[in-house]
Amino acid sequence: MRLSCWPSLSSSRMAVKLNLLLPLFCCVALLVTPNDGSLLRSSRNRTMSAKPFKVLITHPEVPQSGIDLLKENCELVQVQSLPPSRAELLQKIKGVDGVFWGGHDALNAEVLDAAGPQLKSISTMSAGIDYVDLEEVKRRKIPLGHTPTVLNTAVADLAVGLLIAAGRRFHEARRKIDTDNWENYHLNWLLGQDVRDSVIGFFGFGGIGQAIAKRLSGFDIDQVLYTTRRRIDRETEKELNAKKVEFDELLAKSDFVVIASPLTPATQGIFNATAFNKMKKTAVLVNIARGKIVNQDDLYEALKSNRIFAAGLDVVDPEPLPPNNKLLALDNVVILPHIGSATTRTRSDMATIAAHNVLRGLAGERMLSPAY
């Protein structure tokens, strides 16, 4: 018989908003499961008073909400170096049962080999997992979790901010102040692009893209176009006044183009000179997905030559972007250091979900938010 012992949720709003956080078997209950020999063997070298599972937290700044959930029933080991040291991670991961992956360092065969064959549960604290060797994790049959959905609100808010900032020339205007060139005696000084009555094109139209579209509907936009592999449901299309189109039509008709797709071999570099030449000269590009989806050399040329009007970027390639990067010399690009999910509430909720993922994997249950 399994014991009815459950880790408590740190935030009741998560249970309501996501409608996902189902009860979890607590780790200690697994020790008394008579027919699960593998779980018993994983802890047979530990004392009876020890917690049954050992979990590595790979970053020293993981929100306390996630740590508190894990420490109730798991022995925790945490990387303390900042930036996190790969050497320290590879040393401390030896022999752990679970991993809470708190950064964006490569999660690959080197890491899995260092951990050992007893590793049975991993969760990242991120929506994107392009830094994970997914095929290697699958090959070893290790459950992997991530934290999409919960960051949709924060990223969507930031995307709208970027769209307006780029379209209304915030960065260039601030530079005018900094260089004592406040030239408001011109009637046509620093004119930007209207969001009102505009066509918003989405390359990728999942949860984040739809959250952005909902926010922009309050700006009296004309229409939403989107390019995805599959059409979304008709009810959502009607609600958002959205229409699925081919990529070339999206580029040609959109006043603002928002990149909200995963990074895949098919999407890498798809926004290149060819794509920019198909966009309106008044178009604004916004990228809140992954930097590698855009060919930055081609973007630089398109912005410098005013082939497109402006760009707002929360993601770039590489990250961090060197301070001497040529994009930073342009007036018509707003660049942020990948802060889309950087709110206190969002990061805490991400940590909570990642911790539940790890616990479910250890319990042999389906993860709250599985990556595959």
**OP:** Mind running the shape call on segment 55-97? Use the C-alpha gyration tensor, a ≥ b ≥ c as the square roots of the eigenvalues: rounded below 1.5 for a/c, prolate if a/b tops b/c, oblate otherwise.
**Re:** oblate
**OP:** Could you let me know the centre-to-centre spacing of segment 50-84 and segment 302-363, using Cα atoms, in angstrom?
**Re:** 25
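Restricting everything to alpha-carbon atoms, can you work out Rg to Rh for the chain with a Kirkwood hydrodynamic radius?
Details: Rg = 23.4 Å, Rh = 22.5 Å.
Here the Rg-to-Rh quotient is 1.04.
What list do you get for Thr147, Thr352 if you sort them by fewest beta carbons within 10 Å? Each step should come with its number before you reach the end.
Numbers: Thr147 28, Thr352 25.
Ascending number of Cβ neighbours within 10 Å: Thr352, Thr147.
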Original post:
Can you put Phe100, Phe219 in order, fewest other beta carbons within 10 Å first?
Top reply: Phe219, Phe100
Original post:
How much net charge surrounds Thr282 when only other residues with a Cβ under 15 Å from its Cβ are counted (Lys, Arg +1; Asp, Glu -1)?
Top reply: +4
**OP:** Could you state the angle between the C-alpha long axis of helix 344-362 and the longest principal axis of the C-alpha atoms of the chain, as a value from 0 to 90 degrees rounded to the nearest 10?
**Re:** 40
**OP:** Enumerate the amide H contacts of Lys243 below 5 Å, restricted to partners 5 or more residues apart or on another chain; note that Pro and chain-start residues carry no placed amide H.
**Re:** Val224, Leu225, Tyr226
Subject >> Least to most buried among Tyr185, Tyr226, Tyr372, Tyr300 (fewest other Cβ within 10 Å first) >> reply: Tyr185, Tyr372, Tyr300, Tyr226
Subject >> Cleavage-rule hits, trypsin sites (Lys or Arg not before Pro), segment 82-134, DSSP coil, Cβ neighbours within 10 Å at most 15 >> reply: Lys94
Original post:
What is segment 89-242's relative contact order, in percent, from Cα pairs under 8 angstrom and six or more apart in sequence?
Top reply: 17
**OP:** Find the lysine pairs in segment 152-335 meeting two conditions, Cα atoms under 17 Å apart and a separation of 8 or more places or different chains, and report how many there are.
**Re:** 13
**OP:** For the chain, find the longest principal axis of its Cα atoms and tell me its angle to the long axis of helix 152-167, 0 to 90°, nearest 10.
**Re:** 20
Original post:
When the scattering of segment 243-312 is computed by the Debye formula from its Cα atoms alone, each counted once and equally, what is log10 I(q)/I(0) at q = 0.12, 0.20, 0.27 Å⁻¹?
Top reply: -0.26, -0.76, -1.41
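Values in this text are rule-based calculations from the coordinates and carry no lab data. The shown structure was predicted, so the numbers you read here are calculated from the model rather than taken from an experiment. For neighbour counting, all protein chains shown are included, and Cβ atoms are generated from backbone atoms with ideal geometry for every residue, glycine included.
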